[in-house]
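Take a look at the structure set out below.
The values are calculated or read from the model by the stated rules, or taken from the named source; none is laboratory data. Only a predicted model underlies this, so the values are computations on that prediction, with no experimental measurement involved. Ideal geometry is used to build each Cβ from the backbone, glycine not excepted, and the neighbour counts take in all protein chains shown. When the accessible area is computed, the model is the full protein with side chains, heavy atoms only, and any ligands, DNA or RNA have been set aside. Shrake-Rupley method; radii C 1.70, N 1.55, O 1.52, S 1.80 Å.
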Amino acid sequence: LEIYDDLRHSIEHDELVVHYQPIASVADGNIVALEALVRWNHPTRGLLGPMEFIPFAEETDLIFSLGRWVLREACTTMARWRNDVPGAQDAYIAVNLSVHQLSDVSLLDSIAAALADSGLPPEALVLEVTESLLMSETQETIDALGGIHAMGVGLAIDDFGTGESSLARLKRFPVKVLKIDKSFVDGLGILETDEAIVAAIVQLSKALGLVVLAEGVETPAQLERVAALGCDLYQGYLMSRPISADHVDFAKKAETTPQTDPPA
């Protein structure tokens, strides 16, 4: 009850903060997008990562108000960047959408309101859903994803390859971006099986007209491999860890060595 009251108070009083992890083009290293990742500025425990409170929010009704807050904040920030920052005019913002949020009857209205209030065009927003959603294929999920697509908002499948779905399922969903899970990127140049899996995912994704994003790229060698295998985009510590909005630099390109985790 104490955690519930604290989190509700923080949502209502803007005590949360969004950090942004850049997504870059494999071809030239330019930032083409940012993923919005929420943090909780807890009054006594300090800055908390999402895994320390998102699971709790998903077990309560707080995930709905939390999701609306993050969406509104991310859209407002990206709209400001696109208007004011050189190099950001064509960038998009990626926001995670939990399976619980898809059951929210006001979800489409919340998305429309965030876009209208911020002035962000729908094509500059991509909502990320987990691969497990492809397994459910409930009418509720299909209707929600179809409604999002009809608004002109993009959809991305996160952590692809870790679940039990197949690429064949993707043709039944209006997906724009496919994110290859970090566990496969870790094995590139080391495990032939991971090389084969990534190559197959890329080839079939291209046949379906999807943009392929490699997650968790941390070394120049990994970037070289995802480029050779045909990935379009990448994100990870080689480019940048998640950072506050005022540290985002659209002129930045990949470092030659990966960045380390921020202090706990």
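For the chain, the carbon plus sulfur part of the accessible surface works out to 53%, probe radius 1.4 Å.
For V17 and S183, a Förster radius of 30 Å and the Cβ-Cβ distance give a FRET efficiency of 0.60, rounded to the nearest 0.05.
The residues of the chain have, on average, 47 Å² of accessible surface per residue, using a 1.4 Å probe with all protein chains present.
Extension gain for the segment N30 to A200, taken as residue separation times 0.36 nm less the Cα-Cα distance, is 58.6 nm to one decimal.
Please find the FRET efficiency linking S132 to D84, where r is the Cβ-Cβ separation and R0 is fixed at 30 Å, and quote it to the nearest 0.05. Rounded to the nearest 0.05, the efficiency is 0.20.
Extension gain for I142 to L191 (0.36 nm times residue separation, less C-alpha to C-alpha distance): 14.0 nm.
Taking the alpha carbon gyration tensor of the chain, multiplying each eigenvalue by 5 and rooting it gives semi-axes of 28, 22, 19 Å, largest first. The modelled label-to-label distance between E58 and S103, using points 7 Å beyond Cα along the C-beta direction, is 1.2 nm.
For a quick check, take a GNM of the chain with Cα springs below 10 Å and name the residue from A207, A94, A124 with the largest mean-square fluctuation. Highest fluctuation of the listed residues: A207. Using a Gaussian network model of the chain in which every pair of alpha carbons under 10 angstrom is joined by a spring, one finds that among L213, L233, L66 the greatest mean-square fluctuation is at L66.
Considering only lysines 8 or more places apart in sequence, or on different chains, count the pairs in the chain whose C-alpha atoms sit under 21 Å apart. Lysine pairs satisfying the spacing and distance rule in the chain number 7. Per residue of the chain, the DSSP helices (runs of n ≥ 4 H) give a summed -39500 (n - 2.57) that works out to -11500 deg cm²/dmol at 222 nm.
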